[in-house]
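The values are calculated or read from the model by the stated rules, or taken from the named source; none is laboratory data. Note that the coordinates shown come from a computational prediction; the quantities given were computed from them, not determined experimentally. In this analysis, Cβ positions are derived from the backbone assuming ideal geometry, glycine residues included, and neighbour counts consider all displayed protein chains. Just the protein is used for accessible areas: all its heavy atoms, side chains included, with ligands, DNA and RNA removed. Shrake-Rupley method; radii C 1.70, N 1.55, O 1.52, S 1.80 Å.
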Amino acid sequence: MRGRTTINLDVTWNLPADAWTRALAECPGATWFHSAAWLAVAREAFGTRVERVRIGFGDGRWALLPLSIRPLARGLVPMAVAGETGAYNGLVGPEPLRSAEVEAIFEAVRARHGAVRATGSPFATGPHLPAGPGWTRRAEATHMLVLKPFEELRAGFARGCKARGNKARKLGMRLVVSSDPAITEVFYPLYQDSVARWGDKLTWARPEGFFRAMLAQGGDAVTVFIALRDEVPVAALLFAAQGRVAHYVAGATRHDQLEACPSNFLMEEAMAHYAAAGFTFFDFGPSNGLEGVARFKESFGATPAPFVEVERLNAAGRAYFALRDAYVALRERGAGGGQAADAA
């Protein structure tokens, strides 16, 4: 009977930021969410510990894995997170890895941190997530557009989508583009307006510090597109772009300006901007099961692009999530929610 092959790994758990940036430049699949800047955003905005992990193999090949160490249950249960939904990073390297090597890498992370969550990327080639027993897998999807000259892109828009963009321009929408952290003072009030409108449909309301950190750390790679109507900001979109991919991160529109279609105007302007800059993909991000959001993206010609999230918990992590899920169920039933919160 043939025994299991042992994969020997040479792991550097916290590569210096400058060495990380140099190595990342050799990885064709890298995005802005692999960068040291993104990890700095996670540290600043959420107070997490980060690790820039370099994994070497005996034949000279290597890979990189950015990790954010999230404290759960008031820090009692750490979880190593590789990527977020809509902020894909995960394993990247100059050459594709083998399945056994991917399994060995994530087993080393699990041995170090216990609980692990990893988000796959629709841009990754070859194996990049563990698939062995014990890993819970969840199917997700984003919406993607392959960029080309803007007039060709616009020819593929739905009729209603074109009409909404035309309407915005006829109403005198004007574009402002900025990577200055001070633009957060324009973006965030619009975002708060949208958060109030979205209500329970919003899965995660990001704090103001997140947007300020994105712009402060991102340099020219992070950009806000703002629509002005009568010189007043009425909508804004935030993008992070590096390598081949321009990622939509967050957007907002004033509730009293929805009929003026500023989001259509801004999406068109952002597509034209990144197509002219030579990017290959325009990623709209996941729609979180909201059909209207998915239809909006598909009206621009975007198509679903699947990816997978995996998770594996230690005993403490399983207990934490079981208690948390029970608490959420109680709150939803409106029975004993306050007492459950005190107990947790």
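Per-residue Karplus couplings for the stretch 30-45, computed as 6.51 cos²θ - 1.76 cosθ + 1.60 with θ equal to phi - 60°, are listed in order as 6, 10, 4, 7, 8, 6, 4, 5, 4, 5, 5, 4, 4, 5, 6, 7 Hz, Gly and Pro entered as x.
In the context of the full set of protein chains, the chain has a per residue accessible area of 48 Å² (1.4 Å probe). Note: relative contact order over the stretch 112-225, using C-alpha pairs below 8 Å and six or more positions apart, is 27 percent.
Taking only the Cα atoms of the stretch 1-66, how large is their convex hull per residue, in Å³? Could the numbers behind the result be given before it?
Values: hull volume 7.9 nm³, N = 66.
In the stretch 1-66, the Cα convex hull volume per residue is 120 Å³.
May I ask you to list the trypsin sites (Lys or Arg not before Pro) in the stretch 37-92 that are in a DSSP loop and have at most 12 other Cβ atoms within 10 Å of their Cβ? Present the calculation step by step, with values, prior to reporting the outcome.
Numbers: sites: Arg43, Arg49, Arg52, Arg54, Arg61, Arg74; in loops: Arg61, Arg74.
Loop-located and lightly packed - Arg74.
For Leu290, the shell of other residues with beta-carbons less than 12 Å away shows a net charge of +1, using +1 for Lys and Arg and -1 for Asp and Glu. Measuring nothing but protein heavy atoms, the accessible surface of the stretch 263-326 at 1.4 Å probe radius is 58 percent carbon and sulfur.
How charged is the neighbourhood of Asp59? Take every other residue with its Cβ under 14 Å from the Cβ of Asp59, and add Lys/Arg as +1 and Asp/Glu as -1.
-1
Take the alpha-carbon centre of the stretch 280-333, take the same for the stretch 252-273, and report the distance between them in whole Å. What the calculation gives is 24 Å, centre to centre.
The three principal axes of the Cα atoms in the chain give end-to-end lengths of 72, 55, 37 Å, sorted in falling order.
Taken along its principal axes, the alpha carbon cloud of the stretch 65-137 reaches lengths of 38, 25, 21 Å, longest axis first. Note on the stretch 80-157: with neighbouring protein chains present and a 1.4 Å probe, carbon and sulfur make up 52 percent of its accessible heavy-atom surface.
Here the Karplus curve 6.51 cos²θ - 1.76 cosθ + 1.60, taken at θ = phi - 60°, turns the phi angles of the stretch 216-229 into couplings of 5, 8, x, x, 6, 6, 10, 9, 10, 9, 10, 9, 9, 10 Hz, with x standing for Gly and Pro. A simple rule links phi to the HN-Hα coupling: the Karplus curve 6.51 cos²θ - 1.76 cosθ + 1.60 with θ = phi - 60°, which for the stretch 132-146 gives x, x, x, 9, 7, 10, 9, 7, 10, 8, 10, 10, 10, 10, 7 Hz, with x for Gly and Pro. Close amide H partners of Gly90, meaning residues 5 or more places away or on another chain with modelled amide H under 5 Å apart, are Gly83. A cut-off under 15 angstrom between Cβ atoms defines the neighbours of Trp198, and their net charge, with Lys, Arg +1 and Asp, Glu -1, is +1. Against the chain, whose longest principal axis comes from its Cα atoms, helix 184-198 is set at around 90 degrees.
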